[in-house]
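So the structure is just underneath, and the comments pick up after that.
The values are calculated or read from the model by the stated rules, or taken from the named source; none is laboratory data. Just so we're clear, the structure is a prediction, and the values are computed from it rather than from any experiment. Backbone-built Cβ (ideal geometry, glycine too); neighbour counts: all protein chains shown.
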Amino acid sequence: MKAGKKRRPTSDAVEVLHRRYYEGKPKRLVNLEKARADDHVARKINALRTEAGLTQRQLAKLVGTTASVICRLENADYEGHSLVMLNRIAAAMKCRVEIRSYRKRAERARHDCSLDFDFEDSRNVEVPPPNLSLNV
């Protein structure tokens, strides 16, 4: 908090936690964003698989790996996501991996970037080889 500025009291639990553990602590904020990104990837893989009605073992067979690898990829704490594996999953699910990079409004002056990850559904179109789309 800057000197001379008084904060409004809040009962919002998320705001209280943010103020207590993250405000003014850039390293913690970086780790939080990384954890959010890992969680986002894990949830996307899980949602794609369950939407297709596949078990982890079935997806693993389509991808050419083991069910334990798929289980790890769907774990939000897993930090070893590779673009190669994400492309293999996307190809098996007839999707493609798309990664977008954009600047956050509040941080544009500092030139910080955010990365967003998504599987793009391409089931209604001819499936090209998996590729990476990077929008900067």
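Here is a yes/no grid of residues against (1) loosely packed, with under 14 Cβ neighbours inside 10 Å; (2) under 30 Å from M93 (Cα atoms):
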site: E23; (1), (2): yes, no
site: P26; (1), (2): yes, no
site: N31; (1), (2): yes, no
site: A35; (1), (2): yes, yes
site: D38; (1), (2): no, yes
site: L48; (1), (2): no, yes
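Rundown of residues vs (1) part of a helix (DSSP H, G or I); (2) of a type in the set (S, T, Y), yes/no style:
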{"site": "R19", "(1), (2)": "yes, no"}
{"site": "R28", "(1), (2)": "yes, no"}
{"site": "N31", "(1), (2)": "yes, no"}
{"site": "A35", "(1), (2)": "yes, no"}
{"site": "R43", "(1), (2)": "yes, no"}
{"site": "T50", "(1), (2)": "yes, yes"}
{"site": "G53", "(1), (2)": "no, no"}
{"site": "A60", "(1), (2)": "yes, no"}
{"site": "S68", "(1), (2)": "yes, yes"}
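Candidates R7, R96, R103: the one that is exposed (fewer than 12 other Cβ atoms within 10 Å of the Cβ) and at pLDDT below 90 is R7.
Filtering the stretch 70-84 to residues that are in a helix (DSSP H, G or I) and touching a helix residue (DSSP H, G or I) at 6+ places or on another chain (Cβ under 7 Å) leaves I70, C71, L73. Among the residues of the stretch 65-91, those identified as exposed (fewer than 15 other Cβ atoms within 10 Å of the Cβ) and either within 14 Å of L54 (Cβ to Cβ) or acidic (D, E) (or both) are A67, C71, D77, E79. Listed by first and then second residue, the pairs linking a residue in the stretch 12-27 that is in contact (Cβ under 8 Å) with a residue 40 or more places away in the chain and hydroxyl-bearing (S, T, Y) to a residue that is assigned to a helix (DSSP H, G or I) and surrounded by 11 or more Cβ atoms within 10 Å (Cβ to Cβ), with Cβ atoms under 8 Å apart and 6 or more places separating them unless they lie on different chains, form an empty list.
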